[in-house]
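The values are calculated or read from the model by the stated rules, or taken from the named source; none is laboratory data. Keep in mind the model is a prediction, meaning the values are calculated, not measured. So basically every Cβ, Gly included, is an ideal-geometry build from the backbone, and we count neighbours across all protein chains shown. In case anyone asks, the SASA skips ligands and DNA or RNA and just uses the protein heavy atoms, side chains included. Shrake-Rupley method; radii C 1.70, N 1.55, O 1.52, S 1.80 Å.
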Amino acid sequence: MTAWDALIGQDETVAILQAAANAAADIAAGRTPPAGAMTHAWLFTGPPGSGRSVAAQAFAAALQCETLDAVGCGECFACKAVAHRSHPDVHSVVPEGLSIGVDEMRAIVGRAARRPLNGRWQIVVIEDADRLTEQASNALLKAVEEPPERTVFLLCAPSTHPDDVSVTIRSRCRMVALRTPAAAAVAAVLQREGVDAATAEWAAAAGQGHVGRSRRLASDTAASDRRAEVLMIPARLTSMRECLDAADRLVTSAETEAAALAAELDSAETEAMSVALGSGGSGRGVATMARGSAGVLKDLEKRQRSRATRTQRDSLDRALVDLAAFYRDVLLVQSGSPVPPAHPDFADDVQLVASRISSAGALRRIDAVQACRDALELNVKPRIAVEAMAATLRLPSA
Ligand SMILES: [Zn+2]
């Protein structure tokens, strides 16, 4: 396994990154690389699940790889450390909540300016650069404009749109655009990981090019159950009452998923924090510390709330992506297209809906789902956005 094997269906990108890693090895060895082959700032874009952060991590491993002329061998200490996220010179910023704040960004930029400890480069990976606050973005821009000699910034974002990455940061970065991997490529990987052929094929189609989602569907029954619940909705929306019920189930299911994850993470964090702050101690200084620690705990709670909102939104968004694909399958049936459907296991429901609505109706429903996704991204209350959508999805009476 080399560091590149995790990148599925991205041959062109791998070639570009390998060339850059070779040039970087030249620089580290004191040789002169081909002009422009290595760059200090990179922007990886692509739809969620296409492997933006996987590409960034593989590139980071290739830059630190210790095997002569085998950039990204996957076997050496450096490659393994990067894969396990424990390399001292690779700093990942993975936002759990809705945004990456300026303090976090300043701390990372400061660390990135130091000389590499073990590796050849100081590497900063920002997995969701679209979640930088404006201030954090400005702090990053300063560093990207004048990078220290051995520092490399790897940014990941859904697109190069100014909503995702500021124009000034983008202008300093070399672009790497990942494509949605083909279902066959995803299925092949799942099979390599031990999933049986039929499940791999189904999960690859249902994941719609999102490798992580396909992997979860193949291995986690709770995830495949939730998907089935969502896909049962369109064929059953025959009354307003049912639309409201469906909306309620969608939102409640997202809330439940978020709450389960939060309960797991929050209590462990709060406890670790209380222990670190010496709660339960006594004697001089405790009162002073208690005053300080109240602020720290409040900060933690704020971060946890932000993360819960994010998880709930992500969960709901996955459901909406599945719904949109259902109506795309309806369109495929109506037009007799040979394109393989996303949800072959719901072919009966797709047939039924295709016989009840027109193609224009299917398109209108896809638009409604997309409008709901946009509204959620703009912080509209989930219940309100989902109810409005569900009303539009209603089937005309037979
Ligand atoms: Zn290596």
| message | For a quick check: with amide H placed at 1.01 Å from N, whose amide H comes under 5 Å from residue 174's, ignoring anything fewer than 5 positions away on the same chain? | response | 41, 42, 43
| How large is ³J(HN,Hα) for each residue in the range 145-162, as worked out from phi by the Karplus curve 6.51 cos²θ - 1.76 cosθ + 1.60 (θ = phi - 60°), to whole Hz, x for Gly and Pro? | 5, 10, x, x, 3, 10, 10, 10, 9, 10, 9, 10, 7, x, 7, 8, 4, x
| With a ≥ b ≥ c the root eigenvalues of the C-alpha gyration tensor of the chain, is it rounded (a/c under 1.5), prolate (a/b larger than b/c) or oblate? | oblate
| said: Is there a quick way to get the dipole size of the chain? I mean about its Cα centre, with the Cβ of Lys and Arg at +1 and of Asp and Glu at -1; what is the value in debye to the nearest 20? | reply: 820 debye
| query | Roughly speaking, what is the stretch gain from residue 352 to residue 268, that is 0.36 nm per residue apart minus the C-alpha to C-alpha distance, in nm to one decimal? | reply | 25.5 nm
| note | Note on the range 12-111: alpha-carbon gyration tensor, axes a ≥ b ≥ c; rule is a/c under 1.5 for rounded, else prolate if a/b larger than b/c, else oblate; result prolate
| task | Report the Stokes-Einstein translational diffusion coefficient (µm² s⁻¹, integer) for the range 47-186, Rh taken as the Kirkwood radius over Cα pairs, at 37 °C with viscosity 0.692 mPa s. | result | 211 µm²/s
| field | Angle between the chain longest axis and helix 11-28 axis [Cα atoms, degrees, rounded to 10] | value | 10 degrees
| Taking amide hydrogens as modeled 1.01 Å from N in the peptide plane, which residues meet the under 5 Å criterion relative to residue 132, leaving out close sequence neighbours? | 100
| Length-normalised contact order of the chain in % [C-alpha pairs under 8 Å, at least 6 apart] | 16 percent
| query | residue 119: net charge of surrounding residues, Cβ under 15 Å, Lys/Arg +1, Asp/Glu -1, itself excluded? | reply | +4
| remark: Volume per residue (Å³) of the convex hull spanned by the alpha carbons of the range 306-388 is 97 Å³
| request: Please report how far the C-alpha centroid of the range 165-188 lies from that of the range 20-49, rounded to the nearest whole angstrom. | output: 16 Å
| query | So if R0 is 51 Å, what FRET efficiency would residue 225 and residue 360 give, r being the distance between their Cβ atoms, rounded to the nearest 0.05? | reply | 0.95
| Do you know the relative contact order of the range 305-398, to the nearest whole percent, from alpha carbon pairs under 8 angstrom that are 6+ apart? | 30 percent
| remark: In degrees, nearest 10, the alpha-carbon axis of helix 102-112 is tilted away from the dominant principal axis of the alpha carbons of the chain by 50 degrees
| Residue by residue, what Karplus-based ³J(HN,Hα) values in Hz, rounded to whole numbers, does the range 371-384 have, using 6.51, -1.76 and 1.60 with θ = phi - 60° and x for Gly and Pro? | 4, 5, 4, 4, 4, 5, 5, 8, 6, 5, 4, x, 4, 5
| How much net charge surrounds residue 185 when only other residues with a Cβ under 14 Å from its Cβ are counted (Lys, Arg +1; Asp, Glu -1)? | -2
| message | Check which residues have an amide H placed less than 5 Å from residue 125's amide H, if you skip close sequence neighbours. | response | 91, 92, 93, 154
| query | How big is the convex hull of the Cα atoms of the range 75-156, per residue, in Å³? | reply | 85 Å³
| query | If you take the charge dipole of the range 1-155 about its Cα centre, with +1 on Lys and Arg Cβ and -1 on Asp and Glu Cβ, which of 65, 94, 132 is farthest toward its positive end? | reply | 65
| message | Can you give me the angle between helix 197-206 and the longest principal axis of the chain, using Cα atoms only, in degrees from 0 to 90, rounded to the nearest 10? | response | 90 degrees
| remark: Given 318-325, 67-74, 256-263, the highest-first ranking by average Cβ count within 10 Å works out to 318-325, 67-74, 256-263
| Solvent exposure of the range 133-190 as accessible area per residue, Å², 1.4 Å probe | 50 Å²
| query | Taking the mean number of other Cβ atoms within 10 Å as a proxy for protection, how do you rank 45-51, 15-21, 111-117 from highest to lowest? | reply | 45-51, 15-21, 111-117
| remark: By the mean-Cβ-within-10 Å protection proxy, highest first, 201-208, 338-345 rank as 201-208, 338-345
| query | How large is ³J(HN,Hα), in whole Hz, for each residue of the range 351-361 in order, when computed from phi with the Karplus curve 6.51 cos²θ - 1.76 cosθ + 1.60 and θ = phi - 60°, using x for Gly and Pro? | reply | 4, 4, 5, 4, 7, 9, 10, 7, 4, 4, x
| request: Note the full-extension length gain between residue 305 and residue 133 as 0.36 nm times their separation in residues minus their Cα-Cα distance, in nm to one decimal. | output: 60.2 nm
